[in-house]
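Notes for the one structure printed next.
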Amino acid sequence: MPTKVRGRFYLLCFASMAAGILAQRYLHVALFFVCLGALAVVGALIAILGKWRDALVVMLPVAFAILGMVLILVSNHALKSGLLLEIAQKNAVGNARGRVLSDWKESGENSSFFIEVAEIQALGQAWSLRERLCVTVPGRMPKREIYPGVNVEIRGRVATPAGNRQWLADHGAACVMRAERRDIHVCAPAANVIARSVAGARRWMSSAYRRIFNSRLAGFIEGVSLSKTDGMDPTIIADLRACGLSHIVAVSGLHVSSAAMIALAAMMALGVGKRTRLIVACVMALLVLALSNFRPSAVRATIMAVACFGGMLLGRRYDSLAGLSIAGIAMLCVNPGGLADPGFQYSFAAALSIVLFLSRRKDGGEVGKARLALAVCAGAQLGVLPLTLARGEPAPVLAIVANLLAIWLVGALLLSSWSVAIISTVSLPLARAVAVVPSGIARWILTVASSCAHVPGAGLFVSALSTVALALYVASLVMFARGRAGRSLFKPFMALGLSILLVLACCFPVLPKTSHTSVIVFDVGEGDATVLRSSSGAIVLVDGGPEPGQVMRKLRERGISRIDLMVSTHPHADHYTGLVEVLRRMPVGTLLDADAQGFETGSYRELLEAASARNVPVTTAREGMMITVAPDMKMEILYCASCLKSPPENLNDCSIVAMAYVDGARLLLCGDIESEGQETLLSRHPSIECDVIKIPHHGAAEAVGSELLNASRPRLATISVGRDNKFGHPSQKCLSLLASRGIAIARTDSSGDIEIFVRNGKIGLNSKRR
């Protein structure tokens with residue numbers, strides 16, 4: 001069979017196996033017998049006709065589809081007959097010991113992560129086993145303690161899940177263990193030599209990075225070299241996601257191939273023989289795989305790399321399509337439920353698209369490295385674009401630019417950071433001197449990510465206005481990927497440029513005219529939404545108003561394409577509803593939550609679930625917390641629900657109250673705090689002088705007391721209120737109280753959006769009378 005045909009045939013087998021897994025998942029056992037019968041009929045016809053060779057094209061794909069069904073059936077049966085499920089059905093308390101398999105993830109008010117249990121004690125007995133378990137913990141897990149590869153001992157109640165059974169099954173688990181944070185302890189590594197070595201190496205490298213680099217760079221380098229993102233600055237994660245560079249901190253084919261190619265080049269420069277060079281490249285690929293804690297994308301890339309170098313050692317011609325298909329088949333045989341893992345999907349979609357486009361270019365002759373890099377970047381983006389849009393995420397139109405400026409440095413960053421960690425065992429001062437190289441590379445990549453992420457229109461959303469822009473963007477990717485030697489790049493660059501210009505013109509019609517620091521109180525009707533904008537472009541969004549898409553539209557009109565800090569002051573719909581849509585459709589660095597336990601509604605949990613789905617860290621507000629968003633913008637938490645001895649009867653008194661320090665000016669953000677909460681606030685902070693106060697609860701009769709105004713002494717008061725609202729807000733009592741103290745008033749019902757410009761502590765008001 002010709003190489004080209006063989007690769008496509010292997011791909012057909014891989015696709016058939018995946019189709020069999022999906023069919024069995026959704027259509028269950030009946031389809032298995034249908035396919036088995038079809039295979040028997042085909043086999044009988046072939047036996048009669050005698051054309052066995054031609055029939056393999058039909059029989060093998062069907063056989064792989066049946067294999068996929070059998071694997072998922074066996075996997076499901078193993079889950080249902082497992083020992084942990086038997087313990088869970090008795091709702092027993094037990095002590096489990098095992099290895100963490102995943103990063104912890106927040107969902108609603110809980111955090112969860114998966115472990116592979118090696119030992120468990122429950123029901124008066126002890127067992128050794130190898131089953132997966134989902135651990136759920138109230139609140140947030142402490143950073144840098146629980147991460148993939150670490151061994152833990154947990155005491156908790158093993159139970160069957162109330163829902164999400166299929167999600168658990170996709171991750172190889174059938175039950176959950178509910179535990180408290182105090183009952184989770186990191187313990188010594190397991191007896192398994194490989195697991196112990198990998199966990200020890202990851203822990204040692206992480207510690208070395210923290211000693212050598214500052215916390216921001218150390219977290220980023222951990223992500224690049226270890227796929228460990230729990231210590232990363234949330235704004236970096238948001239920037240990388242917004243400009244299409246998030247794969248840099250998810251060890252994949254880029255890292256494996258870069259490390260292997262650098263190793264090959266180094267061995268060649270040293271005059272090492274071909275056999276030794278290829279063996280060293282294989283070892284380097286395996287090393288990257290181990291340090292990534294066997295991430296699916298790294299497993300796929302390593303299988304392909306080892307197959308490639310192994311074939312070269314044996315003198316065999318390597319076909320990338322066949323290698324990719326074999327890697328997929330092998331991974332699905334080990335874990336058929338992994339097909340539902342987004343990491344698996346993105347990795348294979350990107351790799352398949354690159355391989356298919358590059359295979360079409362071979363007939364067009366040799367091409368330069370620049371054209372090849374363009375084709376690889378465009379092919380990867382085309383592969384993941386359908387998955388990105390299907391998940392409701394924006395298409396990063398600057399991804400090609402960002403990748404061309406950054407990805408060629410990933411291999412150098414990977415190996416130089418390893419070298420620095422190794423040197424630190426001999427001499428820490430020498431390691432810090434050598435660290436200039438990885439520090440410079442990391443800073444360049446972060447600068448590229450931040451610059452591209454802050455361009456208005458960096459994220460293209462599917463909507464009526466952006467359909468043409470999306471079509472042009474896809475067309476530019478296809479032309480870049482299919483371009484051959486001698487062909488002009490004018491058309492693809494023109495299509496990409498027009499796509500970006502159309503997004504800027506249509507989706508973001510009002511671009512920022514100045515770089516001055518400003519505060520914008522949006523007119524969202526009877527609700528609250530306030531934006532703080534630093535001179536460097538950092539954005540804080542406090543509340544999101546009562547309508548799902550209203551604040552999103554206003555943010556786009558102002559040229560805002562990402563949020564560094566999102567604050568939900570309390571779980572009232574007129575404050576948080578708009579935040580859900582922003583979380584789903586725009587990169588967000590961190591969500592600050594009021595933690596109003598007992599008051600969360602089902603719709604408010606949508607906000608927390610949206611944050612979890614987008615991997616946005618959720619931080620619970622604590623009194624005294626100081627959050628630095630930019631050099632000229634900080635936020636101090638003065639009051640929140642967690643500072644109260646007992647939950648208040650009034651949900652408004654659960655509001656986060658914060659003092660924002662904006663370029664020398666002070667802005668008091670009060671949420672909807674009422675009289676009882678204000679008394680508690682002033683008892684803790686008797687002097688809270690400010691320049692601007694956001695009047696709580698839309699200027700209601702009891703919205704603000706004289707004591708609060710005496711303590712804050714503002715020059716300007718803003719009131720977010722709906723025009724002709726049924727509540728009679730703002731009340732005459734509130735307006736008279738403000739007027740009696742000579743405090744200027746700006747209202748959204750009469751002025752629309754209120755924009756306050758700030759420079760060196762001085763404020764200026766820009767509003768329009770209706």
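The values are calculated or read from the model by the stated rules, or taken from the named source; none is laboratory data. Because the structure is a prediction, the values reported are computed rather than measured. As a convention, Cβ positions derive from the backbone with ideal geometry for all residues, glycine included, and neighbour counts pool all protein chains shown. Accessible surface areas use protein heavy atoms only, side chains included; no ligands, DNA or RNA. Shrake-Rupley method; radii C 1.70, N 1.55, O 1.52, S 1.80 Å.
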Checklist entry - Here are some conditions: (1) open to solvent by 20 Å² or more (accessible area, probe 1.4 Å); (2) at pLDDT below 70. ARG361 meets all but one. Which one does it not meet? => result (1)
Checklist outcome for this item: Flagged in segment 248-276 as of a type outside the set (Gly, Ala, Ser) and surrounded by fewer than 22 Cβ atoms within 10 Å (Cβ to Cβ), in numbering order, are MET261, ILE262, LEU264, MET267, MET268, LEU270, VAL272, LYS274, ARG275, THR276
Next on the checklist: Testing LYS143 on (1) open to solvent by 30 Å² or more (accessible area, probe 1.4 Å); (2) more than 29 Å from LEU398 (Cα to Cα); (3) modelled with pLDDT of 80 or more, one condition comes back false. Which one is that?
Outcome noted: (3)
Item to check | Enumeration of residues in segment 331-348 that are open to solvent by 20 Å² or more (accessible area, probe 1.4 Å) and not hydroxyl-bearing (Ser, Thr, Tyr) | outcome: MET331, CYS333, VAL334, ASN335, LEU339, ALA340, ASP341, PRO342, GLY343, GLN345
Checklist outcome for this item: Across (1) modelled with pLDDT under 80; (2) in a helix (DSSP H, G or I); (3) farther than 23 Å from ALA238 by Cβ, LEU389 clears everything bar (3)
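For (1) under 19 Å from PHE522 (Cα atoms); (2) of a type outside the set (Val, Ile, Thr); (3) not assigned by the TED database to the domain that holds PRO546, each residue gets a yes or a no:
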position: CYS654; (1), (2), (3): no, yes, no
position: LEU667; (1), (2), (3): yes, yes, no
position: ILE673; (1), (2), (3): no, no, no
position: ARG684; (1), (2), (3): no, yes, no
position: ILE693; (1), (2), (3): yes, no, no
position: PRO696; (1), (2), (3): yes, yes, no
position: SER740; (1), (2), (3): no, yes, no
position: ILE743; (1), (2), (3): no, no, no
position: GLY752; (1), (2), (3): yes, yes, no
Next on the checklist: Tally up the residues in segment 640-678 that are charged (D, E, K, R) and more than 27 Å from SER534 (Cβ to Cβ), please.
Outcome noted: 5
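A quick yes/no check of all residues on (1) aliphatic (A, V, I, L, M); (2) more than 32 Å from the chain's Cα centre (by Cα); (3) modelled with pLDDT of 80 or more; (4) in the same structural domain as LEU607 (by the TED database):
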{"residue": "MET17", "(1), (2), (3), (4)": "yes, no, yes, no"}
{"residue": "LEU31", "(1), (2), (3), (4)": "yes, yes, no, no"}
{"residue": "ILE46", "(1), (2), (3), (4)": "yes, yes, no, no"}
{"residue": "TRP52", "(1), (2), (3), (4)": "no, yes, no, no"}
{"residue": "VAL70", "(1), (2), (3), (4)": "yes, yes, yes, no"}
{"residue": "GLN89", "(1), (2), (3), (4)": "no, yes, yes, no"}
{"residue": "GLY94", "(1), (2), (3), (4)": "no, yes, yes, no"}
{"residue": "ARG97", "(1), (2), (3), (4)": "no, no, yes, no"}
{"residue": "LEU101", "(1), (2), (3), (4)": "yes, no, yes, no"}
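Condition first: in the same structural domain as GLU649 (by the TED database) and over 23 Å from the mean Cα position of the chain (by Cα). Can you find one or more residues in segment 536-544 that meet it?
Within segment 536-544, one or more residues are in the same structural domain as GLU649 (by the TED database) and over 23 Å from the mean Cα position of the chain (by Cα).
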Next on the checklist: Any residue at all in segment 188-200 that's within 30 Å of LEU565 (Cβ to Cβ) and out of contact with any Asp or Glu (no Cβ under 6 Å at 6 or more places or on another chain)?
Outcome noted: no
Item to check | Yes/no for ALA596 being surrounded by 20 or more Cβ atoms within 10 Å (Cβ to Cβ), within 25 Å of ALA641 (Cβ to Cβ) and touching a Cys at 6+ places or on another chain (Cβ under 8 Å) | outcome: yes
Checklist outcome for this item: Only one of ALA717, ALA658 is free of Cβ contacts under 8 Å to residues at least 60 places away in the same chain and either crowded, with 24+ Cβ neighbours inside 10 Å or closer than 25 Å to VAL758 by Cβ (or both), namely ALA717
Item to check | Subset of segment 679-712 [surrounded by 22 or more Cβ atoms within 10 Å (Cβ to Cβ), of a type outside the set (A, V, I, L, M, F, W, C) and within 21 Å of GLY742 (Cβ to Cβ)] | outcome: LYS694, PRO696, GLY699, SER712
Checklist entry - Taking segment 645-660, which residues are closer than 17 Å to ARG684 by Cα and of a type in the set (S, T, N, Q)? => result SER646, SER655
Checklist outcome for this item: How many residues of segment 541-560 are of a type outside the set (A, V, I, L, M, F, W, C), touching a strand residue (DSSP E or B) at 6+ places or on another chain (Cβ under 9 Å) and open to solvent by less than 20 Å² (accessible area, probe 1.4 Å)? The answer is 2
Next on the checklist: Need the failing condition index for ALA613 against (1) surrounded by fewer than 18 Cβ atoms within 10 Å (Cβ to Cβ); (2) more than 23 Å from LEU240 (Cβ to Cβ), just the number.
Outcome noted: (2)
Item to check | Selection within segment 169-209 - open to solvent by 70 Å² or more (accessible area, probe 1.4 Å), touching a Gly at 6+ places or on another chain (Cβ under 9 Å) and among the basic types (Lys, Arg) | outcome: ARG178, ARG181, ARG203
Next on the checklist: Considering only residues that are more than 33 Å from the chain's Cα centre (by Cα) and open to solvent by 50 Å² or more (accessible area, probe 1.4 Å), which ones fall in segment 297-329?
Outcome noted: MET312, LEU313, LEU314, GLY315, ARG316, ARG317, TYR318
Item to check | Given (1) under 15 Å from MET177 (Cβ atoms); (2) open to solvent by less than 60 Å² (accessible area, probe 1.4 Å); (3) at pLDDT below 75, number of the condition GLU106 does not satisfy | outcome: (1)
Checklist entry - When both residues are 6+ apart or on different chains and their Cβ atoms are under 7 Å apart, which pairs have a first residue that lies in segment 720-734 and is open to solvent by less than 30 Å² (accessible area, probe 1.4 Å), and a second that is in a loop (DSSP other than H, G, I, E, B) and basic (Lys, Arg)? => result none
Next on the checklist: Going by what's in this entry, would ALA285 be described as open to solvent by 30 Å² or more (accessible area, probe 1.4 Å) and under 26 Å from MET205 (Cβ atoms)?
Outcome noted: no
Next on the checklist: When you check THR680 against the structure, is it in the same structural domain as VAL524 (by the TED database), in contact (Cβ under 8 Å) with a residue 24 or more places away in the chain, part of a helix (DSSP H, G or I) and hydroxyl-bearing (Ser, Thr, Tyr), yes or no?
Outcome noted: yes
Next on the checklist: For segment 609-631, which positions are farther than 28 Å from SER102 by Cα, among the small types (Gly, Ala, Ser) and outside any strand (DSSP E or B)?
Outcome noted: GLY624
Next on the checklist: Checking ARG241 against (1) in contact with a strand residue (DSSP E or B) (Cβ under 9 Å, 6 or more places away or on another chain); (2) modelled with pLDDT of 85 or more; (3) of a type in the set (D, E, K, R): exactly one of these is not met. Which one?
Outcome noted: (2)
